Each structure stands twice: as structure tokens, then as C-alpha cells.
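Below: the structure, in C-alpha cells.
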Amino acid sequence: MFYIFIIIIIVGVILNSLCKKYALDKVQYSRSISAKYVECGEKFNIVTSVENRKMLPVTFLQVKEYVGESKIYNCSNMMILPYQRVTRTYEKSLDKRGRYYLRKVDITAGDFIGIDVVTKSQDFEDEIIVYPKPMDIDNDMDEIGEFIGETSVKRWIVEDPIVTMGIREYTGVEPEKNIHWPSSLRTGQLMVRNFDFTSDNSVFIILNIDENKDLWIGTDEENIEKCYSLVRTLIDDFEEAKVKYGFITNATGINKNGYVAPSLGESHYFEMLNNLGTACSITSMNFTSLINTTIEYHLDCRTIIIVTPVIPAESVSEINKLASYVEKNIVFSMRGENIEKLDDNIVKFVLGRENI
């Protein structure tokens, strides 16, 4: 009996030594992801497969799959028999907008108890792009100056300032520039022009993420993310209303030097979403330069919308200058600094206090 016990120990030691020596020999790892583009919080599946293509078992195997350049990873431990394949599916979701790289995978194998191990790494080109969450503009943004009342921001933005469908009584929520004075004098009460949508209306969005760090200490990531969410909401509304929309930004990490020409349709919409998802917090130019670039090259739209985390004092004159070139200029700012310095003909919105 004693000799049998000794033999078992010797065989075990030899087997453990062989398993450790050839642990990663002919071990194959593969991975597939169910979606490349997702909404915030949307669930997707990651399917991994590990195959042992040799006669010896792998008594201890650990797989670490890293997300991005961070220390976040998914870890799984297993034992694989000879010529066995282990496939696992796990569900994931990402709650923040951005581009996530799933590249590095560490595969560790060793003896029975996982103490004496060897590790190899594999690199993949997988990535997931998370789109920004939409924002409730009507509830989250407060109008500065003229009172809009029950008129939704969406309707007010996409309303065509050129095509007049008729005259109606002034309700107190319309801007004064829409008052039709001849009809008002004739009827003895204020009357306004009634506008409607047209297929040739167009909007150009300027997304600024430069906060002028000489004045504002640090980077307000939360408000910058709100800017992305607001632009997402705008393009959703424009696509639904069939209003052509374009885009320029000083955020880097996107295609075409931060510019997308005005258009409509599914491919255009998803190009915009992809740009919003992949944009990062590094700027290609300051806010003032971004406005000047728009003035010089991109004044072919009727309405220009500026979305910014804040309005630096030195950019006020450039925004006022831009407003003189277009039929309608609308500014959305996440902070209220300097917004009231903008000209009266600019429609101004600021993030509501309850959302700050």
C-alpha cells in the first residue's frame, strides 16, 4: 500500500510538471462581440472560447480581458481537459459615452494550485463605441430673455424663419421679430406671422468643448458630456423633422477634422452618432478659432446652433459677429457666465439650476 501511495505521488509530480511545462502549448483563445455600437446602458454579449489542442490537460488556466488602457478587466478561471473547448458568454453594458478598446488579453496557466504559472498576452483590435444619452431639452434647458412658455424648444428651433403660412394672433410666447405690424394695425391687436417646416431648411451645429482653462480651472467633464447629449438630442429631432443638419467641433478623436457637411438620412445620422461617441476631451482649436472657421467656411445654413459648456468672455464678440451672418443663431450653454452679454437677436439657453 505504501508503494502504491509513493507511485501515485511520483506520477502526480510528473504529470503536474508536464502540465506546467506545456501549459500554454496549443492553447487557442478567440473572442467575438455581439455589437460594436451601443447606447449607454445597452446590454451586449461577449463570447470567448478557449481550446486545448493537446493530449495533456491544462490544470489551471486564467483569462484576463482588459477594457481600454485601464486596470478594468474580466477574469475567469478554469481547468481544460485534453482536446476540450470551453466557450463562455457573458453580458456587459457601458454606462458612459465614449470609445472602449478591448485589445489586451492575458492568458495564465500553470500547476494544479496556480502558484507556479506562465503568462502570455494576445492583442486584439476590438472596440465598442457608446453613443451619448439624449437630453430632455425642454425640461433641462432654461431660456434667457424672451419667454417661450408652452412652445417646445424642438418646435422653436426647427421652425422655418422664411416661409410664412399665414397670420395669427400674438399669444405672448412668440419673439417680437415675428410680429406682423401691418396686420396688427389693421386689426387693432398684435398679430404674428405663422411659419411652417420646409424641406430646404438647414441647421449647422457648432460643438465646443474648450472651456478656456486660463479662466476656468480644471475641466468640467460632466457639463462637456451634457453638451454631447444635447447635440445627440438635436440631431434626433432634425432627422425626425427632415431638416438637414451639419456639424463642426474642436473635439478630437473623430473623422474629417471635426466637420460633417449638412445632410439627412440613416448613413448621415449614424456618422454623426459615431463622431459623438468617439470624440474625446482634447481640443484641436480654441472656441474663438472654431467660430472664425465657421464664419470663413461654413455659412451655408439658415440656422446655426452653438453648444458649449461655457461662454468665455473673449468669445462673446465672435459669437455676436457670427449671428450677423445667419438668419437665426441659437446658443446652448451649460453655465451662465457671459451669456447675457450676447446680442438680443441671439436665442439663448442655459442648463437649468436644478440640473447643475
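The values are calculated or read from the model by the stated rules, or taken from the named source; none is laboratory data. It should be emphasised that the depicted structure is a prediction, and the values quoted were computed from it without experimental measurement. Every residue, glycine among them, receives a Cβ derived from its backbone with ideal geometry; neighbour counts consider all protein chains shown. Ligands, DNA and RNA are excluded from the accessible area calculation, which covers all protein heavy atoms including side chains. Shrake-Rupley method; radii C 1.70, N 1.55, O 1.52, S 1.80 Å.
One residue stands out in segment 290-301 among those that are at pLDDT 90 or above and closer than 21 Å to residue 348 by Cα: the one that is surrounded by the most Cβ atoms within 10 Å (Cβ to Cβ), namely 290.
When segment 302-356 is limited to residues that are among the polar types (S, T, N, Q) and open to solvent by 10 Å² or more (accessible area, probe 1.4 Å), the one that is modelled with the lowest pLDDT turns out to be 355.
Whenever a residue of segment 159-184 is modelled with pLDDT of 70 or more and in a loop (DSSP other than H, G, I, E, B), its partners that are among the basic types (Lys, Arg) and open to solvent by 70 Å² or more (accessible area, probe 1.4 Å), lying with C-beta atoms within less than 9 angstrom and at least six residues away or across chains, give the pairs 180/193.
Return the residues of segment 26-51 that are in a strand (DSSP E or B), among the polar types (S, T, N, Q) and either in contact with a Phe, Trp or Tyr (Cβ under 8 Å, 6 or more places away or on another chain) or touching a residue at least 60 places away in the same chain (Cβ under 8 Å) (or both); say none if nothing qualifies. Can you show your working first?
Of the residues in segment 26-51, the ones in a strand (DSSP E or B) are 27-33, 37-39, 43-51.
Applying the additional criterion that residues be among the polar types (S, T, N, Q) yields 28, 30, 32, 45, 48-49.
Result: 45, 48, 49.
Looking at 145, 41, just one residue is modelled with pLDDT under 90, on the phi > 0 side of the Ramachandran plot and under 31 Å from the mean Cα position of the chain (by Cα), and that residue is 145.
Filter segment 252-267 down to the residues that are in contact (Cβ under 8 Å) with a residue 24 or more places away in the chain and surrounded by 14 or more Cβ atoms within 10 Å (Cβ to Cβ), then identify the one that is nearest to residue 240 (Cα to Cα). Of everything passing the filter in segment 252-267, 264 is nearest to residue 240 (Cα to Cα).
State all residues of segment 62-101 that are among the charged types (D, E, K, R), open to solvent by 40 Å² or more (accessible area, probe 1.4 Å) and outside any loop (DSSP other than H, G, I, E, B); if no residue qualifies, say none. Spell out the reasoning first.
Narrowing segment 62-101 to residues among the charged types (D, E, K, R): 64-65, 69, 71, 85, 88, 91-92, 95-97, 99.
Going one step further and asking which of them are open to solvent by 40 Å² or more (accessible area, probe 1.4 Å), we end up with 64, 69, 71, 85, 88, 91-92, 95-96, 99.
If the condition is that a residue be among the charged types (D, E, K, R), open to solvent by 40 Å² or more (accessible area, probe 1.4 Å) and outside any loop (DSSP other than H, G, I, E, B), then 64, 85, 88, 91, 92, 99 are the ones that fit.
Residues in segment 73-104 that are hydrophobic (A, V, I, L, M, F, W, C), over 20 Å from the mean Cα position of the chain (by Cα) and under 17 Å from residue 121 (Cβ atoms): 75 alone.
Of all residues in segment 283-297, at least one satisfies being out of contact with any Gly (no Cβ under 7 Å at 6 or more places or on another chain), at negative phi and part of a strand (DSSP E or B).
With respect to the conditions (1) among the aromatic types (Phe, Trp, Tyr); (2) touching a strand residue (DSSP E or B) at 6+ places or on another chain (Cβ under 6 Å); (3) part of a helix (DSSP H, G or I), residue 245 falls short on a single one, namely (3).
Could you tell me whether segment 189-201 includes any residue that is exposed (fewer than 15 other Cβ atoms within 10 Å of the Cβ) and at pLDDT 70 or above? Yes, there is a match, as at least one residue in segment 189-201 is exposed (fewer than 15 other Cβ atoms within 10 Å of the Cβ) and at pLDDT 70 or above.
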